[in-house]
Amino acid sequence: MTTLQALLIALIQGVTELFPVSSLGHAVIIPAILGWGIDQHAPDFLPFLVVLHLGTATALLIYFWREWMGVSAVLLGRGTPENRRLVVRIVAATLPAVVVGFLLEKALRHLFGAPGVAAAFLVANGLMLFFGERLRRSNTGKRLADLSIKDAVLIGVWQCAALLPGISRSGATMVGGILVGLHHEDAAHFSFLIALPIIVGAGVLEVPKLIHSGAMSELGGLAVATGIVAGIAAYLSTWALMRYFHRHDFHALNPFGWYCCVAGGVALVTLAL
């Protein structure tokens, strides 16, 4: 992987991680289409992507710093009832993906380097976004403060879909949030909050592998640079999306659904040629 390729992948990951269009799907598909010759089955490719995700996690930590200060206060035994309520719901939404991911990680790992599989699931991701908008409750209007533990668990179950390459974690959790009655803005807000534990957890598991493989020492400062690029892109994407969902609460996911279906279809055709 050249320096330019690594930085471009970092930029793509940072932009697409929070948009409901699957960052991992793009990171797998785009190098294959451009013929970069990157061995996506190499043992250090997935850990490298996790390093980029840690840049994204830092961006989320900074953007939602007030919420995470409240979570820290709860962990120190000084949180408000509202903060304790939020912590319980973040935990409830995170557990399903942790359990399913632990059980199926080995079975699904081989899919993450398959561009054709990622392209097919990118189309499926677009259909999922359309599905969520079509079946949204007529009484959608629930705010984040009204989210029940049951609602949080259901959103967490939707998050498990992102274990498949090409299925967006943020897209799946936003759809889950909409289906339990949240506004688009609150569904996105909660999606971004529960992203941090998952991303950090993946980092804890994968970064040691990256170091052990020797890839970290080979990348050197490039690893830091790509993490920074991904983090800046993720911060700007979060800012843009929160403004977008604040202003649009009617079929707001449809443009992303169209993009995924078209991009996934074009990728499938291109890869088949």
>> At 37 °C and a viscosity of 0.692 mPa s, what translational diffusion coefficient does Stokes-Einstein give for segment 6-136, taking Rh as the Kirkwood radius over Cα pairs? Give it in µm²/s as a whole number.
In response: 191 µm²/s
> Build a GNM of the chain with springs between Cα atoms under 10 Å: which of Pro165, Pro255, Pro81 gets the top mean-square fluctuation?
Replying inline: Pro81
> If you roll a 1.4 Å probe over the heavy atoms of the protein chains, what accessible area per residue do you get for the chain, in Å²?
Replying inline: 46 Å²
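Given an 8 Å cut-off on Cα distances and at least 6 residues of separation, report the relative contact order of segment 60-149 as a percent. Walk me through the intermediate numbers first.
Details: 26 pairs, mean separation 23.3, N = 90.
Reported relative contact order: 26 percent.
Protein chains only, probe 1.4 Å: how do Lys150, Lys142, Lys106 rank by accessible area, largest first?
Numbers: Lys150 150, Lys142 45, Lys106 180 Å².
Solvent-accessible surface, decreasing: Lys106, Lys150, Lys142.
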> Can you give the charge dipole size of the chain about its Cα centre, rounded to the nearest 20 debye, using +1 on the beta carbon of Lys and Arg and -1 on the beta carbon of Asp and Glu?
Replying inline: 680 debye
> When the chain is modelled as a GNM with alpha-carbon springs shorter than 10 Å, which of Met242, Met69, Met128 fluctuates the most?
Replying inline: Met69
> Which shape class applies to the chain: rounded if a/c is under 1.5, otherwise prolate when a/b exceeds b/c and oblate if not, where a ≥ b ≥ c are the square roots of the Cα gyration tensor eigenvalues?
Replying inline: oblate
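For every helix of n ≥ 4 consecutive DSSP H residues, a contribution of -39,500 (n - 2.57) applies; sum these over the chain, divide by its total residues, and give [θ] at 222 nm rounded to the nearest 500 deg cm²/dmol. If you can, show how the numbers build up before the last one.
Details: 12 runs with 210 residues, N = 273.
One gets -26000 deg cm²/dmol as the mean residue ellipticity at 222 nm.
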> Over the chain, what percent of the accessible surface lies on carbon and sulfur atoms, probe 1.4 Å?
Replying inline: 71 percent
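Under 1.5 on a/c is rounded, so check that first for segment 66-183, then, if it is not, pick prolate when a/b is larger than b/c and oblate when it is not; a ≥ b ≥ c are the square roots of the alpha carbon gyration tensor eigenvalues.
Numbers: a/c = 2.82, a/b = 1.44, b/c = 1.96.
Oblate is the answer for segment 66-183, as a/c is 1.5 or above yet b/c matches or exceeds a/b.
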>> Could you work out the relative contact order of the chain? I mean the mean sequence separation of Cα pairs under 8 Å and 6+ apart, divided by the number of residues, in percent.
In response: 35 percent
> What accessible area, in Å² to the nearest ten, does a 1.4 Å probe give for Ile228?
Replying inline: 100 Å²
> How large is ³J(HN,Hα), in whole Hz, for each residue of segment 194-200 in order, when computed from phi with the Karplus curve 6.51 cos²θ - 1.76 cosθ + 1.60 and θ = phi - 60°, using x for Gly and Pro?
Replying inline: 7, 5, 4, x, 5, 5, 5
> If you build a Gaussian network model of the chain, linking Cα atoms that sit under 10 Å apart, which residue out of Phe19, Phe131, Phe48 swings the most?
Replying inline: Phe131
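Working from the alpha-carbon coordinates of segment 116-198, get Rg over Rh, Rh being the Kirkwood radius. Mind showing how you got there, number by number?
Values: Rg = 12.3 Å, Rh = 12.6 Å.
For segment 116-198, the value is 0.98.
By accessible area of protein heavy atoms, probe 1.4 Å, what ranking do Glu105, Glu82, Glu17 get, highest first? List each step's numbers first, then the result.
Working: Glu105 70, Glu82 125, Glu17 15 Å².
Accessible-area ranking of Glu105, Glu82, Glu17, largest first: Glu82, Glu105, Glu17.
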> What accessible surface, in Å², does a 1.4 Å probe find on His184, ignoring ligands, DNA and RNA and rounding to the nearest 10?
Replying inline: 0 Å²
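The values are calculated or read from the model by the stated rules, or taken from the named source; none is laboratory data. These figures come from a predicted structure and were not determined experimentally. Quick reminder, even Gly has a Cβ in these numbers, built from the backbone with ideal geometry, and neighbours come from all protein chains shown. SASA here: full protein model, heavy atoms, side chains in, ligands and nucleic acids out. Shrake-Rupley method; radii C 1.70, N 1.55, O 1.52, S 1.80 Å.
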